[in-house]
Amino acid sequence: MNPTDTTIRPGVSIAGVGTPSTGAPRSDAADPVMELSGVSVYYGAYEAVRDTSMPIQEKQITAMIGPSGCGKSTILRSLNRMNDLIPGARVSGAVTYHGQDLYAKDVDPIEVRRRIGMVFQKPNPFPKSIYDNVAYGPRVTGMKVSSMDDLVERALRDAALWDEVKDKLKTSGLALSGGQQQRLCIARTIAVRPEIILMDEPCSALDPIATAKIEDLMSELSNDYTIVIVTHNMQQAARVSHYTAFFTAEVDEQQERHGRLVEFSQTGKLFTNPADKRTEDYITGRFG
Amino acid sequence: MSTPTITTETRPDSSASGDALTQRRSRPGEVAFRLAMQACLLIAFGVLAALLTWVLVKGWNRLDSRLWTEMPTGLASRLDGAGVQSALVGTLWIISLVALICLPIGILSAIYLEEYADNTRWYNRLLELNIQNLAGVPSIIFGILGLGIIARALGLGFTVITAAIVLSLLVLPVVIIATREAIRAVPQSIRHASYALGATKWQTVSRQVLPSAVPGIATGSILALSRAIGEAAPLIVLGAVTFITFNPDGLDSGYTALPIQIYTFITRSQSEYTELAAGAIVLLLAIVLAMNSIAIFVRNRFEKRW
Ligand SMILES: Nc1ncnc2c1ncn2[C@@H]1O[C@H](COP(=O)(O)OP(=O)(O)OP(=O)(O)O)[C@@H](O)[C@H]1O
Ligand SMILES: [Mg+2]
């Protein structure tokens, strides 16, 4: 039996079995919005992830799964040059965005991050009001907005937070619950209208109800945004994503661990009919 | 069913072993440490209280408006109508200038070192090491340096600006170190959140890091200024030793300052001088107290919780 069938959320499609509203995965022939080819990421001399190649399809949710330490966050950060902020981090290979090399000399990482936003594992609202948290991005990026109030409201609505906070926009973002804070962080990210949203384990600090809200939100957002999500929760990957990349850590001759991409395919296929034995072991819980 | 049985078996009979919850055991280590801490506190506080009482009692007769409306005098016979106005104004001049000179330089240096400098580079680390060391240099050395370079070589002479520059240099390391601590206490996740939204480095620093660091910066700055205000040693070699019966009226004016004035009064044997000195000490303490309350106000106003 197809193990993912029972976990499909209404309105979310995986492996082409869902409703067309959120869309089946594009055929692999479609031009990906981003593409990694032969990407290795180093921390100093240590090669944390080796030779990764995979596409990121437009307006689809791509999940990255794999054991702890296999380099999921590392690869995710390489997609919007957040690695630049880590001293000693270095990327080789090519990450392209609409065909343009993100690591070319003349590319401004600030501009990259304006188009490719990120939501972090731990909710990290600014110590400012809810309103200012959402308005910060549009302000610093100099977005032309006719009404900041409308923009803030729309972002909070899109992040399914508006009803809970509409009466207390002036209170501190830190006064919200963990799940609300995470949705505030998502609202803050979509307020700048990025094209792609990267999420690093956005639900790891949340309870099942808050997690379900954020998963629904992701499905909703995938109508307009391309989403890449790192998750430890395989059910989550199966539920929300269209594509899944499975990473693992390999030990080389020098006893060094390097992250490797083992398998990338449509989520339905990866979970029902994995091509690689290691993927199968991992998703069936036989990972040692 | 088995769990309760196991519990009663493995736990000693509490009433029999004298281990009952209600019976507080004495823990000699805890008690001794507590007493030691209280004793230290008492010593520190006792000394301070004794000093305060002494100056208050000694200076009681002089704690009136004469202190700031009258000029000091070198003649014991005229002492009844004397105050420390020129020293007070000198101190206010100097401390304002020190704030204007050393706070911008110190805070900007700290921002550079903390947010911009690549501390894997040898010159940045050398810089850091030097700042740490500068904080430990005796103030008289700064005075001599100021005399040689600023007063003589640069030709600024024994003036208010010379004193302000030297005191600024003296407390600059304190401002830098305190500001760096405050900046470092701002969580990295806040910076990352800002960058991930497409903010530039300066936007991140000026809109997120600095506002969050303001309480720490304010506290450190006031501590530094409080130290500058009480310094006498460097000023002694910078020409602020005599009685001055005029207020400074510009950067190139001669001056005296409260700590110097207190010092000169106390070296006189007449008890009237001691009284006036005690009054001046109370005045100096009041200024320091006022500055500290500004710091507390700023801290409470900008306090951030994560
Ligand atoms: N800032 C860093 N400096 C040095 N090494 C790092 C750094 N961040 C990660 N690494 C190393 O890179 C490897 C991959 O780390 P990464 O955080 O990408 O793993 P992950 O798959 O996200 O793990 P997790 O699921 O636990 O979050 C690990 O061996 C880790 O020790
Ligand atoms: Mg991670």
GNM result for chain A, Cα springs below 10 Å: residue of A:ILE65, A:ILE110, A:ILE186 fluctuating most strongly: A:ILE110
Built amide H within the under 5 Å cut-off of A:LYS128, gap 5+: A:GLY173, A:LEU174
FRET efficiency estimate (nearest 0.05) - Cβ-Cβ, A:ILE86 to A:SER204, R0 22 angstrom: 0.60
For chain B, built as a Gaussian network whose Cα springs stay under 10 Å, the top-fluctuating residue of B:LEU92, B:LEU42, B:LEU238: B:LEU42
Cα centre as origin, Lys/Arg/Asp/Glu Cβ charges: chain A dipole, Debye: 600 debye
Cα centroid of the stretch B:153-213 to Cα centroid of the stretch B:78-120, whole Å: 14 Å
Of all DSSP beta bridges in the stretch A:151-288, antiparallel share, percent nearest 5: 65 percent
Span per principal axis, largest first, for the Cα atoms of the stretch B:70-111 (Å): 54, 12, 9
For chain B, calculated [θ]222 nm from helices alone, where every DSSP H run of n ≥ 4 adds -39500 (n - 2.57): -21000 deg cm²/dmol
Virtual spin-label span in nm between B:ARG125 and A:ASP149, 7 Å along Cα→Cβ: 5.6 nm
For the stretch A:130-137, 3J(HN,Hα) per residue [Karplus equation, 6.51 cos²θ - 1.76 cosθ + 1.60, θ = phi - 60°, Hz, x = Gly/Pro]: 4, 4, 5, 4, 6, 7, 4, x
Candidates B:SER96, B:SER189, B:SER293: whichever shows maximal mean-square fluctuation once chain B is modelled as a Gaussian network with Cα springs under 10 Å: B:SER189
Calculated SAXS-style log₁₀ I(q)/I(0) at q = 0.05, 0.08 Å⁻¹ - the protein assembly as shown, Debye, Cα scatterers: -0.38, -0.78
Placed amide H near A:GLY93: partners under 5 Å, 5+ positions off or other chain: A:SER40
Under Karplus coefficients 6.51, -1.76 and 1.60, residue-wise ³J(HN,Hα) of the stretch B:208-218 in Hz, glycine/proline x: 10, 5, 4, x, 6, 8, 3, x, x, 5, 4
For A:ALA48, distant residues with modelled amide H under 5 Å away: A:VAL41, A:TYR42, A:TYR43
Options B:SER86, B:ILE149, B:SER221, ranked by Cα towards positive dipole end of the stretch B:67-302, top entry (Cβ charges): B:SER221
Qualifying GluC sites (Glu not before Pro) for the stretch B:201-306 [loop in DSSP, other Cβ within 10 Å: at most 16]: B:GLU303
Long pairs among A:LYS122/A:LYS168; A:LYS59/A:LYS170; A:LYS72/A:LYS170, criterion Cα-Cα beyond 27 Å: A:LYS59/A:LYS170; A:LYS72/A:LYS170
Residue-averaged 222 nm ellipticity for chain A, from DSSP H runs of 4+ at -39500 (n - 2.57), nearest 500: -8500 deg cm²/dmol
Surface per residue (accessible, 1.4 Å probe) for the stretch A:77-134, Å²: 42 Å²
Shape parameters for the stretch A:32-283, alpha-carbon atoms, Rg then Dmax in Å: 18.2, 60
Top positive-direction residue, dipole computed over the stretch A:32-283 with Cβ charges, set A:ILE227, A:SER78, A:ALA175: A:ALA175
Size of charge dipole - the stretch A:69-163 - debye, nearest 20, with Cβ of Lys, Arg +1 and Asp, Glu -1, no other charges: 340 debye
Long-range Cα-Cα pairs in the stretch A:80-160 (distance over 18 Å), rounded percent: 56 percent
DSSP bridge pairs, the protein assembly as shown: antiparallel proportion in percent, nearest 5: 60 percent
Check: the stretch A:148-262 dipole with +1 on Lys, Arg Cβ and -1 on Asp, Glu Cβ, in debye: 300 debye
Size of the B/A contact, given as accessible area buried on both chains, probe 1.4 Å, in Å²: 1700 Å²
Carbon/sulfur fraction of accessible area - the stretch B:67-302, other protein chains in place, 1.4 Å, %: 65 percent
Residues in the stretch B:42-78 reached by a label modelled at B:SER271 [backbone nitrogen below 18 Å; 7 Å Cα→Cβ]: B:54-63, B:76-78
Where the stretch B:67-302 is the region considered: accessible area per residue in Å², 1.4 Å probe: 44 Å²
Note, ³J(HN,Hα) from phi for the stretch B:94-99, Karplus 6.51, -1.76, 1.60, rounded to Hz, x at Gly and Pro: 5, 5, 5, 5, 4, 4
Distance between modelled label sites at B:ASN61 and B:LYS201, nm, 7 Å Cα→Cβ extension: 6.4 nm
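The values are calculated or read from the model by the stated rules, or taken from the named source; none is laboratory data. What you are looking at is a predicted structure, and each value in this text was computed from that prediction instead of being measured. Positions of Cβ are backbone-derived with ideal geometry, glycine not excepted, and every protein chain shown enters the neighbour counts. Note: areas computed on protein heavy atoms with side chains; ligands, DNA, RNA excluded. Shrake-Rupley method; radii C 1.70, N 1.55, O 1.52, S 1.80 Å.
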